[in-house]
1. How far is helix 34-44 tilted, in degrees, relative to the longest principal axis of the Cα atoms in the chain, given as a value from 0 to 90 rounded to the nearest 10?
2. Expressed as a whole percentage, what fraction of the accessible surface of the chain belongs to carbon and sulfur atoms when a 1.4 Å probe is rolled over the protein heavy atoms?
3. Report, to the nearest 10°, how far helix 3-28 tilts away from the longest principal axis of the Cα atoms in the chain, using its own Cα long axis and a range of 0 to 90°.
4. Using helices alone, what [θ] at 222 nm do you get for the chain, with -39,500 (n - 2.57) per DSSP H run of 4 or more residues, divided over all residues and rounded to the nearest 500?
5. Which whole-number percentage describes the relative contact order of the chain, with Cα contacts under 8 Å and a sequence gap of 6 or more?
6. Near Lys86, which aspartates and glutamates are there with a Cα under 16 Å away, not counting those fewer than 8 places off in the same chain?
7. Quick one: which of 2-13, 93-104, 50-61 comes out on top by average Cβ neighbours within 10 Å, and what's the full order, highest first?
8. Skip the ligands, DNA and RNA, and give the accessible area per residue of the stretch 17-95 with a 1.4 Å probe, whole Å².
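The values are calculated or read from the model by the stated rules, or taken from the named source; none is laboratory data. This one's a predicted model, so the numbers in the text were calculated from it and none came from an experiment. Neighbour counts run over all protein chains shown; Cβ positions are idealised from the backbone, glycine included. Side chains are part of the model used for accessible areas, which takes the heavy atoms of the whole protein and leaves out ligands, DNA and RNA. Shrake-Rupley method; radii C 1.70, N 1.55, O 1.52, S 1.80 Å.
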Amino acid sequence: MKSTDLARKDRDLKKARKKQDVLERKMGKKDRTVGDFINDLADLFFHDTEKIYNIDSSEEILELLEDLKEDQPGKQWNNILRKAIKKTQVKQKDAALKELQEMGDILPD
């Protein structure tokens with residue numbers, strides 16, 4: 001093996017270990033921050049540049065919305081939803097926000 005191959009394998013191994021450590025730390029935390037909810041929601045969305053498709057059909061999104069309502073104050077709910085939608089960079093943001101609000105029984109601002 002060439003030294004470049006060994007160096008690449010070493011980098012990949014370090015990257016995998018770091019990712020595992022980060023995941024373990026995140027799983028150890030019970031309380032999620034606002035940023036955690038935003039990232040988790042954005043990761044669950046199935047979308048293209050136009051719209052988010054799986055809002056009404058995903059049980060995981062519903063469970064995350066329920067956790068959001070338990071863990072965060074009411075004034076943060078719409079902000080979290082908006083920022084998660086914005087992170088996807090879809091064009092139909094208002095429709096997605098309305099669907100999420102209806103799904104989670106969250107009143108609009």
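1. It works out to around 80 degrees.
2. With neighbouring chains kept in place, the figure for the chain is 50 percent.
3. Once rounded, one gets 40 degrees.
4. Theoretical 222 nm ellipticity from helices: -23000 deg cm²/dmol.
5. Over the chain, the number comes to 27 percent.
6. By straight Cα distance, Lys86 reaches Asp36, Asp40, Asp43, Asp48, Glu50, Asp94, Glu99.
7. Answer by packing, highest mean first, reads 93-104, 50-61, 2-13.
8. 71
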